Structure formats: C-alpha cells, structure tokens
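K.L.:
First, the structure itself, so that you have it in front of you.
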Number of protein chains: 2
Amino acid sequence: MKIGDLARRTGLSTHTIRYYERIGLLPYASRASSQQREYDASILVWIEFLGRLKTTGMPIRDKLRYARLRERGPETQEDRRILLEEHRTRVRTHIAELQACLAVLDTKIAGYAGSDMVEKIDDAATERRKRAVREGLARPLRD
Amino acid sequence: MKIGDLARRTGLSTHTIRYYERIGLLPYASRASSQQREYDASILVWIEFLGRLKTTGMPIRDKLRYARLRERGPETQEDRRILLEEHRTRVRTHIAELQACLAVLDTKIAGYAGSDMVEKIDDAATERRKRAVREGLARPLRD
DNA sequence: TTACAAGTTCGAGCGCACTCTAAGTCAAGG
DNA sequence: CCTTGACTTAGAGTGCGCTCGAACTTGTAA
C-alpha cells in the first residue's frame, strides 16, 4: 500500500502521515522501490488506535511516549498499561464534566423555550454595555 | 470588583480577561475611576457560562456569535436557543464518541493485564522499524 | 509622601497540531 | 518515449487560544 492509499483508508492526509512519521508517531515505513513508502495493512490498526487517543484528547507528546514504549517491545507493557490507565481516568473525568455542562445547557435551553428569568439576568450586563457604546466608551463589536 | 479580584474568582488570568474583552467575549467594563475596570458580580454568571461552552469545546468564534446575539437583546432569543441546541447536539455526539473510545481503551488495558494476542499484533510493526534503524534507514526516535 | 502593588495599552510571542509550498523524482498507461 | 499524476524532501506558514513583555499610570498602606 502506498501513502495515497493509506491516506484514503485512514482519512489522514498524506501530509499528516509523513508528519506523523517524522515526529515518530508512525514507524519508519520501508521504502519498497526507490524512495516511496510501502505500507502493509497492520499499520491501519495502529493508526486507528492513534485516532482513538486523539479523539479522547491525548496530546501528541503523550502519544509519542506511548509509541516509544511500543518501539521498545514487550518489556514495556506495564508502563504502557499505566499510561493508558491514567489516560482513561482523565477521559472519564472529562466525560463527567461534559455531562455536567450538558445539564446546564439543557436548563438554559429550557429557559429560552419558556422565556423566564434567565433572559432578564442575562441581559442586564448587555444593557450596561449598550450604554457604554452610546456614550462612546466602547466600540461596537467587530465582525 | 477590580480585574485582579475577578481573575482570582474565575480562575482566568487578568491577561485573559482583557483579551476576552478585546475580542468581545466580555462586555466592555466600565472604568470606574480613571482607567481601571470595575466589575459587578453579574459578570461572574456570564464568565461561568463561557467556561461551560469552553469545556464543551465550543470555539471562540461561536462563543462570539452567541455573545453578539446577547448584546442585541431579547429579540435574539430564538437564534440563541438554536445556536445552543446545535451545540448540545455536537456535545452529545462527542460524548458518545468518547464513550466508544473508552470501551476500546478498556479492552486494550484488559489485554495488557492478561498479556495476550494484542501484544503480538502491536509489536509486529515495531520489529519492522527496529530493523530499519539497525540498517540506518531510520533515525532512532528523538527526545 | 513615598514605596510598591496592581492596574493600563499595544503588540509580539508561544505551543499545538497540522497544512501547505516549492522544487524536484518516479511509475504506469497510451 | 511521453505525459500525467503520485510520490519525495526540507522548511515555511496557518489558525487557535491564549500568554507575555515593555513601558507606563494609578491606588493604597506605612
């Protein structure tokens, strides 16, 4: 498989694939004939997993740590497990936060539906700013 | 309340507060005496809400759209509701993705605990890269 | 009243994760 | 052979969301 095929299959751009190789997230691909990278299907599994880590917000720095451990082979299993468990904890925490925010969002939206107090509270500050604009203290908002 | 107090109460830096005002996320604060910004407690509600939007991944561009509607007062309620509902949908989708990834993570971690096939699949590509490094085709990973 | 902490503006700089450009090489179909 | 499109490298550029620095003014407690 050449880089273009891999790009099509993974949804990454060829630029991104080369970038990932450069920084060490992807293993150095064998250059089959001439200079061109040749991939076998096993890389898809790793890229998919990288995608999961990305979706869950792991920074490249940490993915790199994981990738380096993976490079070093089976004796790093324990370290990798720990890394993943720490990440899992952060993801769980983040999901909980999101759910809390979602609840607030629901309340807010419900407030808009029934047009109640929420509006009045919200617009108090707005009125102060409008006054400032009238008085030339504030510029109208740009774009 | 002065900017430093507000910073302490919200966890934002004074730099960030001024930045938010500059781009229009925060209303232009009245300069009580001289040049210095004076805030009243109502701003805390807005900043907290901005924090929720941030936590849920809303880009500044969209927070700005919301803020501009808010500026324009009560007649924009409907637009604001729509904006928030769209955002809510995206957040829900994102939570679902995270949960799916979490399941994969769990499987992976379980695999490390029991050291099974997972390892062997994972390390196949690693071996290819090691070979490349030995042959001087790839640099060892930096940092 | 003097010291110094906290405020001001403007603009530059930073970290992240790509994304793109330029200038060139290579491979496969007609 | 020739064209065309995919590939190569090194390095510069982008967009986001802050973050910081410089140079200066203002507020407050001893």
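K.L.:
I'm trying to understand the selection: among the residues of segment B:44-70, which are free of Cβ contacts under 8 Å to residues at least 12 places away in the same chain and under 28 Å from B:E97 (Cα atoms)?
P.N.:
B:F49, B:R52, B:K54, B:T55, B:P59, B:R61
K.L.:
In addition: B:G11 is checked against (1) away from DNA strand C (no atom under 16 Å from the Cβ); (2) open to solvent by 30 Å² or more (accessible area, probe 1.4 Å); (3) under 20 Å from the mean Cα position of the chain (by Cα); (4) not hydroxyl-bearing (S, T, Y) and fails just one. What number does that condition carry?
P.N.:
Status for B:G11: all satisfied but (1).
K.L.:
Got at least one residue in segment A:49-68 being at the interface with another protein chain (Cβ under 9 Å from one of its Cβ atoms) and over 17 Å from the mean Cα position of the chain (by Cα)?
P.N.:
yes
K.L.:
Same structure again: Does A:A67 satisfy the criteria of being modelled with pLDDT of 95 or more, of a type in the set (A, V, I, L, M, F, W, C) and surrounded by fewer than 19 Cβ atoms within 10 Å (Cβ to Cβ)?
P.N.:
no
K.L.:
Given the structure, is A:E86 more than 7 Å from chain B (Cβ to nearest Cβ), more than 30 Å from B:T55 (Cβ to Cβ) and open to solvent by 70 Å² or more (accessible area, probe 1.4 Å)?
P.N.:
Against the criterion (more than 7 Å from chain B (Cβ to nearest Cβ), more than 30 Å from B:T55 (Cβ to Cβ) and open to solvent by 70 Å² or more (accessible area, probe 1.4 Å)), A:E86 does not qualify.
K.L.:
Name the pairs whose Cβ atoms lie under 8 Å apart, with the first residue in segment B:25-38 and near DNA strand D (Cβ under 8 Å from one of its atoms), the second of a type in the set (D, E), and 6 or more positions between them or separate chains?
P.N.:
B:A32/B:E38
Okay, residues lined up against (1) open to solvent by less than 20 Å² (accessible area, probe 1.4 Å); (2) over 26 Å from the mean Cα position of the chain (by Cα):
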{"residue": "A:Q77", "(1), (2)": "no, no"}
{"residue": "A:R80", "(1), (2)": "yes, no"}
{"residue": "A:T93", "(1), (2)": "no, no"}
{"residue": "A:T107", "(1), (2)": "no, yes"}
{"residue": "A:G111", "(1), (2)": "yes, yes"}
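K.L.:
Being more than 12 Å from DNA strand C (Cβ to nearest atom), of a type in the set (A, V, I, L, M, F, W, C) and either under 22 Å from A:R88 (Cβ atoms) or open to solvent by 50 Å² or more (accessible area, probe 1.4 Å) (or both) is the requirement here; does A:A32 meet it?
P.N.:
Details: more than 12 Å from DNA strand C (Cβ to nearest atom): no; of a type in the set (A, V, I, L, M, F, W, C): yes; either under 22 Å from A:R88 (Cβ atoms) or open to solvent by 50 Å² or more (accessible area, probe 1.4 Å) (or both): yes.
Considered against the rule, which asks whether it is more than 12 Å from DNA strand C (Cβ to nearest atom), of a type in the set (A, V, I, L, M, F, W, C) and either under 22 Å from A:R88 (Cβ atoms) or open to solvent by 50 Å² or more (accessible area, probe 1.4 Å) (or both), A:A32 comes out as no.
The values are calculated or read from the model by the stated rules, or taken from the named source; none is laboratory data. A quick note: this is a predicted structure, and the numbers were derived from the prediction, not measured. Note: ideal-geometry Cβ built from the backbone for every residue, glycine included; neighbour counts use all protein chains shown. The protein model used for the area step is the full one, side chains on, heavy atoms only, and it has no ligands, DNA or RNA in it. Shrake-Rupley method; radii C 1.70, N 1.55, O 1.52, S 1.80 Å.
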